[in-house]
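The values are calculated or read from the model by the stated rules, or taken from the named source; none is laboratory data. Note that the structure is predicted; figures quoted are calculated from it, not measured. When we count neighbours, we look across all protein chains shown, and the Cβ atoms used for this are built from the backbone with ideal geometry, even at glycine. Surface accessibility is based on the protein's heavy atoms, side chains included, excluding ligands, DNA and RNA. Shrake-Rupley method; radii C 1.70, N 1.55, O 1.52, S 1.80 Å.
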Amino acid sequence: MVMEHKLKVLELANKISRVKMGSKHGIKYEYPEYEILEPIVTNEMAEIALYLKFRDPKSSMEVAKLSGRPLSEVSQILEDLAWKGVCIVNEIDGVDHYWFELWVPGHFELIANNRELVAEFPQLALAFDKYGQRKGPQATGIFPIGKGPMRVIPIESAISGNSKRASYEEVSKFLNDNDVFSVSDCSCRTAREVAGEGCGHLKEDMCIQMGKAAKYYIKTGKGREITREEAFEIIKRAEENGLMHSIPNVDGPGKTHAICNCCGCSCLSLRNASMFFNNDFVRSNYVSTIDVEKCVACGECVEVCPTNAAKLGQKICSSMPVDIPMMTDTPANTKWGPEKYNKDYRINRKNVVDSGTSPCKTNCPAHISVQGYIKLAAQGKYNEALELIKHENPFPAICGRVCPRKCEDECTRGDIDDPVSVDEIKKFIAEQDLNAEHRYIPKKRNNYGKKIAVIGAGPSGLSCAYYLAIDGYEVTVFEKQNVLGGMLTLGIPNYRLEKNIINAEIDILREMGVTFKTGVEVGKDVTIPELRNDGYEAFYMAIGAQGGRKLGLEDEDAKGVMTGVDFLREVNLDHDIKINGQVIVIGGGNVAVDVARTAVRARETEVSMFCLENSEEMPAHDDEIEEANTEGVTINPSWAPKKILVQNNKVVGMEFKKCVSVFNNQGEFAPIYDEEQTLKVAADHILIAIGQVMEWGSLLDDSMVKLKSNGIAEIDTFTLQTDEPDIFVGGDAATGPRFAIDAIALGKEAAISIHRFVQPGQSLVIGRDRREYKAFDKSSLIIDSYDNTGRQHIDHVDGSIAKESFNDLRGTFTKEQVQKETERCLGCGTTTVDEYICVGCGACTTRCKFDAISLKRKYDEDTVPFEDLKGVVMKNMIKRQGRLVVHKLQKALKGE
């Protein structure tokens with residue numbers, strides 16, 4: 001609908017802008033300065049407001065005299081304008097006085113912080129965003145450092161040891177200099193939320209006002225009054241949640257009226273740096289610097305860097321070029337325009353420089369900081385190492401026993417002698433979690449309280465519940481079995497993963513407030529619509545691939561034939577499974593080995609495995625195969641099932657045919673058989689472990705969730721969302737059968753998506769870590785020296801002894817072994833920082849456990865009195881023209 005233009009309101013927009021209406025720089029009807037006033041200011045109100053001035057307080061009586069209007073009418077209009085945010089009101093000598101401020105920081109934020117108005121007129125918040133889009137390009141390169149209207153102020157702990165720091169760079173100075181405080185919503189996040197572009201950082205209780213600004217916010221209801229102690233606590237909580245601080249920089253040297261707790265993904269001030277690369281416009285006097293020797297490329301700093309200045313890179317020397325980010329063309333020395341903007345900065349963040357980083361973190365499905373926790377273990381800081389692991393994996397004790405060790409497969413040390421025994425180090429660290437005295441229970445970050453249902457208590461569902469609980473959601477996990485753990489409990493034998501280990505890790509979730517309901521099959525005992533009616537706002541389906549894949553042969557339903565997963569489930573549930581005599585296990589993967597080794601423990605058995613692959617191609621882990629051999633399992637590679645031999649509906653054997661090859665030249669599964677070469681083997685039992693399938697039951701009845709031909713759910717692979725917006729699917733149900741660590745990683749991603757989904761106006765993708773990692777080229781490394789200690793090993797368990805027990809007889813590293821093994825790590829990754837892109841907030845320093853990143857004072861700039869700012873900017877513009885010429889000449893001399 002086309003709105004009627006309001007001439008007086010346009011005149012008011014020009015007056016607040018301090019420009020002449022109709023001039024070259026005048027405000028027009030299509031500008032956001034008019035659009036934010038249009039729905040909330042009438043021409044009659046504007047006529048009164050036009051008697052106000054910039055930072056020149058006037059009482060309603062003074063305005064009444066100037067306008068010739070009744071005092072009661074003028075007072076009512078001015079009060080309404082102040083409540084809306086169109087002017088400021090403060091009491092001076094017992095009388096309310098009114099005046100104009102800047103648009104930003106100023107009236108755009110004040111209006112956007114009026115919840116009632118924004119709910120009625122969303123264009124108010126959208127106009128705030130539009131203003132930044134309009135003015136940002138105009139400011140590129142023209143403001144000298146420290147003179148922009150908003151400025152980053154370092155996290156105080158990041159500069160506490162810096163002898164050159166100034167008091168105006170300390171958050172505590174501003175809090176201690178004032179006596180009145182308020183806290184309000186973040187106006188930037190409000191604008192993003194209204195646009196449906198929220199980044200997951202929520203707006204509530206974010207921005208702190210002080211002094212006159214606090215009095216205004218309290219008086220007009222835009223903020224609630226808080227104490228100084230509460231203000232310090234809000235600052236602390238923001239820093240713990242990875243946020244940094246900015247302050248209005250327009251009050252004169254050493255002064256400000258507010259402290260904002262910002263994120264790079266929603267802050268409209270930081271957009272000047274991230275989108276327009278006008279970093280000098282907002283930066284502090286500091287930049288981050290890396291102590292490469294101490295850095296272990298844990299990536300914690302990279303995740304919280306608001307401008308993506310920090311990225312993971314390479315520490316070890318290379319014969320090939322290694323990327324060291326350094327932006328040299330900037331708005332200060334180069335002609336700047338839209339072709340140089342990063343318009344997609346909220347969705348294209350990079351974790352790693354183009355030349356890559358350490359392969360262990362890259363290859364881990366959860367991208368755990370392997371180097372980081374190895375270093376902490378080397379220092380004897382086992383609890384801190386455990387905390388670091390649990391940032392990405394809540395179940396290190398479980399994974400320490402069943403992880404596929406993909407980090408070790410790609411370990412740089414493995415190209416020299418043997419890879420670092422990462423899994424055994426992790427297992428040692430995780431022992432702390434099994435001891436109630438030392439276990440790590442994360443601090444609750446928020447208390448959002450919304451009800452979320454997780455369906456399936458396997459590794460993915462439990463992981464999702466863990467991370468949602470950290471944010472204070474009311475999570476209920478529904479499990480159709482009477483035990484928790486999913487395939488961890490029912491699909492992995494006790495001799496590999498004892499149930500007390502699983503239960504100990506799950507107990508932590510209980511302490512975090514997660515509710516478990518076992519013996520409840522969603523879709524049968526209770527439906528999704530019924531749960532919605534009960535207040536559940538989102539659902540994570542992580543039911544695992546519970547069914548065993550069949551061979552497709554005749555007589556597969558004969559007595560004595562069973563799928564491997566059914567066999568393991570019955571054994572793990574302590575059901576009476578009588579198995580004896582000749583046992584054939586079909587399959588060559590880890591599950592098949594588990595089935596075979598479990599069958600061996602029935603004692604009165606002879607167990608043989610048959611698989612398509614040859615011995616080199618078998619997908620089972622080498623250690624698993626070796627242990628099966630030592631326990632008496634006979635492995636027969638390169639044989640394919642041909643026929644089940646049956647008498648009186650009871651299996652008596654199986655006929656096999658020779659498998660010549662499994663994969664074609666393209667690596668695709670395309671087996672070739674020699675039908676003439678066959679083998680008949682007697683059997684009392686056949687256990688089929690060739691894969692797993694989904695069993696959805698009635699869970700998805702009447703839903704819009706679609707399934708692929710292989711039975712897994714169709715999802716957005718980044719957000720895990722299905723066609724039913726409040727249903728998310730992960731784990732094996734989304735990927736097909738994989739390892740526990742893969743499922744755990746998806747559980748965390750689901751928690752991130754669900755948090756964003758249930759909160760108003762949040763995007764599922766904007767500002768989100770895409771977890772894209774790249775390993776460096778190991779073939780080009782130059783390794784001059786390293787610790788030559790050999791890989792540590794736990795004592796070998798004699799197979800003849802192991803097969804007599806369902807207990808896990810494997811040992812754990814001693815402290816001495818951990819110390820020796822951690823010293824073998826080459827520490828091949830590090831963090832890099834682009835000093836121009838860095839705005840000196842110090843968020844990175846709050847995450848580093850190794851004292852490897854710090855802020856150094858590079859500039860010495862304070863703000864200037866506002867009345868002097870125009871002259872300072874003009875001088876800088878003149879100097880910039882000279883810098884443009886010099887920089888262009890320097891590039892030409894370099895041949896660039």
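Please specify each residue of region 193-210 satisfying the condition of being closer than 13 Å to residue 231 by Cα and not polar (S, T, N, Q). Those that are closer than 13 Å to residue 231 by Cα and not polar (S, T, N, Q): 205, 206, 207, 208, 210.
Scanning region 834-866 for residues that are within 27 Å of residue 778 (Cα to Cα), open to solvent by less than 30 Å² (accessible area, probe 1.4 Å) and of a type in the set (A, V, I, L, M, F, W, C) gives 850, 852, 853. Annotation: residue 690 fulfils all but one of (1) within 30 Å of residue 478 (Cβ to Cβ); (2) out of contact with any Lys or Arg (no Cβ under 9 Å at 6 or more places or on another chain); the unmet one is (2). Each residue in region 563-582 was checked for being surrounded by 20 or more Cβ atoms within 10 Å (Cβ to Cβ), modelled with pLDDT of 95 or more and either over 39 Å from the mean Cα position of the chain (by Cα) or assigned to a strand (DSSP E or B) (or both), and 1 of them qualify. Candidates 486, 449, 461: the one that is more than 22 Å from residue 300 (Cα to Cα), at pLDDT 95 or above, in contact with a Gly (Cβ under 8 Å, 6 or more places away or on another chain) and open to solvent by 10 Å² or more (accessible area, probe 1.4 Å) is 486. Scanning region 522-562 for residues that are within 27 Å of residue 641 (Cα to Cα), in a loop (DSSP other than H, G, I, E, B) and open to solvent by less than 50 Å² (accessible area, probe 1.4 Å) yields 544, 545, 546, 551, 553, 556, 558, 560.
The set of residues in region 612-646 being under 18 Å from residue 556 (Cβ atoms) and either open to solvent by less than 50 Å² (accessible area, probe 1.4 Å) or assigned to a loop (DSSP other than H, G, I, E, B) (or both) consists of 612, 639, 640, 641, 644, 645, 646. Considering 181, 128, the condition of being closer than 24 Å to residue 55 by Cβ, touching a Cys at 6+ places or on another chain (Cβ under 9 Å) and among the aromatic types (Phe, Trp, Tyr) is satisfied by 128 alone. Annotation: of all residues in region 294-330 being of a type in the set (Asp, Glu) and assigned to a loop (DSSP other than H, G, I, E, B), the one that is farthest from residue 844 (Cα to Cα) is 329. If you go through region 223-241 and keep only what is modelled with pLDDT under 95 and assigned to a loop (DSSP other than H, G, I, E, B), you end up with just 241. Out of region 777-799, which residues are β-branched (Val, Ile, Thr) and either surrounded by 13 or more Cβ atoms within 10 Å (Cβ to Cβ) or at pLDDT below 85 (or both)? If the condition is that a residue be β-branched (Val, Ile, Thr) and either surrounded by 13 or more Cβ atoms within 10 Å (Cβ to Cβ) or at pLDDT below 85 (or both), then 783, 794, 797 are the ones that fit.
Among the residues of region 237-256, those that are farther than 29 Å from residue 315 by Cβ and surrounded by fewer than 22 Cβ atoms within 10 Å (Cβ to Cβ) comprise 237, 241, 251, 252, 253, 254, 255. Taken together, the criteria exclude residue 61 from residues that are touching a helix residue (DSSP H, G or I) at 6+ places or on another chain (Cβ under 7 Å) and modelled with pLDDT under 95.
Candidates in region 194-203 are the residues that are closer than 19 Å to residue 120 by Cα and in a loop (DSSP other than H, G, I, E, B); of these, the one that is most open to solvent (accessible area, probe 1.4 Å) is 197. Mind checking whether some residue in region 113-132 is buried (at least 17 other Cβ atoms within 10 Å of the Cβ), of a type outside the set (A, V, I, L, M) and under 21 Å from residue 877 (Cα atoms)? So far as region 113-132 goes, yes, one or more of its residues are buried (at least 17 other Cβ atoms within 10 Å of the Cβ), of a type outside the set (A, V, I, L, M) and under 21 Å from residue 877 (Cα atoms). Residue 335 meets all of the listed conditions (1) open to solvent by 40 Å² or more (accessible area, probe 1.4 Å); (2) part of a loop (DSSP other than H, G, I, E, B); (3) under 25 Å from residue 438 (Cβ atoms) but one, namely (3).
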